[in-house]
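Just so it is clear, none of the values below were taken in a lab; they were calculated from the coordinates. Keep in mind that this is a model prediction, so the values were computed, not measured. Here Cβ is always computed from backbone atoms with ideal geometry, including for glycine, and neighbour counts include all displayed protein chains.
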Amino acid sequence: MRLFSRAGRGAVKVLSPADLDRLTQAATDRNWSGRGRPDWVAAHRAQITEIYLTYLTEDQPKVFRCSTTVLLHDGGGGHFSLDIAKADFARLRDARTKTVIDLAHIPLDAAQQEEWDRAYPR
């Protein structure tokens, strides 16, 4: 495990539920726009199997806009944005290559699929 990796667009990190809670609270405390979906996470907490964070862009100096992917026991999941400090991103564990490939094929739950379809019409 590398403790500090070079973060480039598309870098994927692994989070624990405690990591997600901490980073969501930090984003809220700093009034960043990407604050995750704490209500959705709380409602699905017992079903969470894995959490991944993908770096999308530097939203402001030293703050990364990330895409969070939450996988659930039933094969569904959630997807939302979260802003985190660059230093916090660097401290997270890197995802394995196979995991990154698998993430491209994860179905969203119905409500999130509707939101995704509205935001990104085909």
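Panel order for T54, T24, T99, by other beta carbons found within 10 Å of each beta carbon, from fewest to most: T99, T54, T24. Compared with the direct C-alpha span, the chain from D29 to H73 gains 12.8 nm at full extension, assuming 0.36 nm per residue.
Length, then width, then depth: along the principal axes, the Cα atoms of region 25-74 run 37, 20, 11 Å. The local environment of T24, defined by Cβ-Cβ distances under 9 Å, has a net charge of +2 under the rule Lys, Arg +1 and Asp, Glu -1. Residue exposure proxy: E58, E50, ordered by other Cβ atoms within 10 angstrom of their Cβ from fewest to most, comes out as E58, E50. For T49 and W116, the difference between the fully extended length at 0.36 nm per residue and the C-alpha to C-alpha distance is 21.9 nm. Taking 0.36 nm per residue of separation and subtracting the current Cα-Cα distance, fully stretching the chain between E58 and R91 would add 10.2 nm. A convex hull fitted to the Cα coordinates of region 12-119 yields 103 cubic angstrom per residue.
In region 12-119, Cα pairs under 8 Å separated by at least six residues give a relative contact order of 28 percent.
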